[in-house]
1. For the pair Glu320/Ala278, report the inter-label distance in nm, with labels modelled 7 Å from Cα in the Cβ direction.
2. Which one, Val311, Gly46, Val201, is farthest towards the positive end of the dipole of the stretch 2-319 when Lys and Arg carry +1 and Asp and Glu -1 on their Cβ?
3. Mind ordering 85-91, 47-53 by average Cβ neighbours within 10 Å, highest first?
4. How high is the FRET efficiency between Asp302 and Asp152 when r is their beta carbon distance and R₀ equals 35 Å, given to the nearest 0.05?
5. Given R₀ = 25 Å, FRET efficiency for Glu271-Ile204 by Cβ-Cβ distance, to 0.05?
6. What is the packing order of peptides 307-315, 58-66, taking the mean over residues of other C-beta atoms within 10 Å and listing the highest first?
7. What dipole magnitude, in Debye to the nearest 20, does the chain give about its Cα centre under +1 on Lys/Arg Cβ and -1 on Asp/Glu Cβ?
8. Subtracting the Cα-Cα distance from 0.36 nm times the residue separation, let me have the gained length for Asn174 to Asp17 in nm, one decimal.
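Bear in mind these aren't lab numbers, they're just calculated from the coordinates by the rules spelled out. The structure displayed is predicted, hence computed values, not measured ones. All Cβ positions, even for glycine, are placed from backbone atoms using ideal geometry, and neighbour counts span all protein chains on display.
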Amino acid sequence: MDAVRALNPTTAASEVDRLGRDLAMDAYRRMVLIRTFEERIFDLFGQGWIRGTSHMCVGQEAVAVGACAGLRPEDQVTSNHRGHGHFLAKGGDPKRIMAELFGKATGYAAGRGGSQHMACYEIGFLGSNGITGGGIPIATGAALANLMQGLDRVVLCFFGDGASAQGTFHESLNMAGLWRLPVIYLCENNGYAMSTPASQVSAIANIGDRGPAYAMPGVVVDGFSVAAVRDSVREAAERARAGAGPTLIEAKTYRFMGHSKGDPCHYRTREEEAAHRALCPIARLRQGLIVAGIADQDWLDDAAAWASAEVDAAVQFAQESPDPVGGLDEGVFAE
Ligand SMILES: Cc1ncc(C[n+]2csc(CCOP(=O)(O)OP(=O)(O)O)c2C)c(N)n1
Ligand SMILES: [Mg+2]
């Protein structure tokens, strides 16, 4: 947490200044939608509507929303096991994401994939991924494909601190640095890989500091600041589009919930959790909107009601959707 505070000079007001009025309002609503969606999933698990597992990104919303705000619509992203927020921020339909979690035919993988195997190529969401570090070479390959086809689009890869210890991270960054690929590696350092603290498994304090070893800038940003994440991604995307190659960004953040449902979080203290909850990215932007005179209580209530209604509609859609029909290989991509 001290590391986050140290690079956290942004105030609530400066969040809004940097984003501008319209984007600040839009980012707020999207972050509230993601949080509402995730909290509802947690409840639906408890009620037995959703089976399997699911990893919630509560606390990390500013990374997903800030990153996608720094990209163009035609740009692509890869995601990991904690991917609902990434998908929603990239423009995924809450109804079809929810239906996939319910295992219904109307889901993004026709009910076969679930939380960790969803994709929508039309909006550039190249997929969540249950293999830790599995999305990193996929993003690298997609960036190479875009470059070879002369397409003016960049790929952003979301992954965690745990994934940055995988061989795929080092192999991919080396290749991307060597070939100047138009890719942005965005590490969401939420402090833990399951129960393992990042500080116990990394020889250096900042994962972002590994960038220069692979001939790319390494940037460390406050992952609770949607403006800081947006700015860093926008700059990296400009760099990539200009042919100057990849960037590694580390966003320091924290997951407010357990690793997945049923995690009692015995490996961290309640005090540590409370200290990080005080840095909540939604609360900070809300404060900024109020101070700037953009939002009053009515507007904030409307945003919350809109998000709830979106999630209600998604749940209803999922509940009323038909079960999958046909073979196991329909709706999924497998070789
Ligand atoms: C190759 C592989 N090894 C181990 C796992 C089990 N696993 C699932 S999530 C996870 C931790 C990932 O940590 P991090 O990358 O920091 O992401 P976070 O869960 O913190 O978002 C692990 C080890 C896996 N899914 N894939
Ligand atoms: Mg982690």
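1. A separation of 4.6 nm, rounded to one decimal place.
2. Of the candidates, Val201 comes out farthest on the positive side.
3. Details: 85-91: 25.6, 47-53: 12.9.
With the highest mean Cβ count within 10 Å placed first, the list reads 85-91, 47-53.
4. Numbers: r = 37 Å, r/R0 = 1.07.
Working from the Cβ atoms, E equals 0.40.
5. Numbers: r = 26 Å, r/R0 = 1.04.
Efficiency, rounded to the nearest 0.05: 0.45.
6. Working: 307-315: 17.2, 58-66: 29.0.
The peptides rank, most packed first, as 58-66, 307-315.
7. Numbers: 30 positive and 39 negative charges, 93 e Å.
Once rounded to the nearest 20, the dipole reads 440 debye.
8. Details: separation 157, 0.36 × 157 = 56.52 nm, distance 3.66 nm.
The span from Asn174 to Asp17 would gain 52.9 nm if fully extended.
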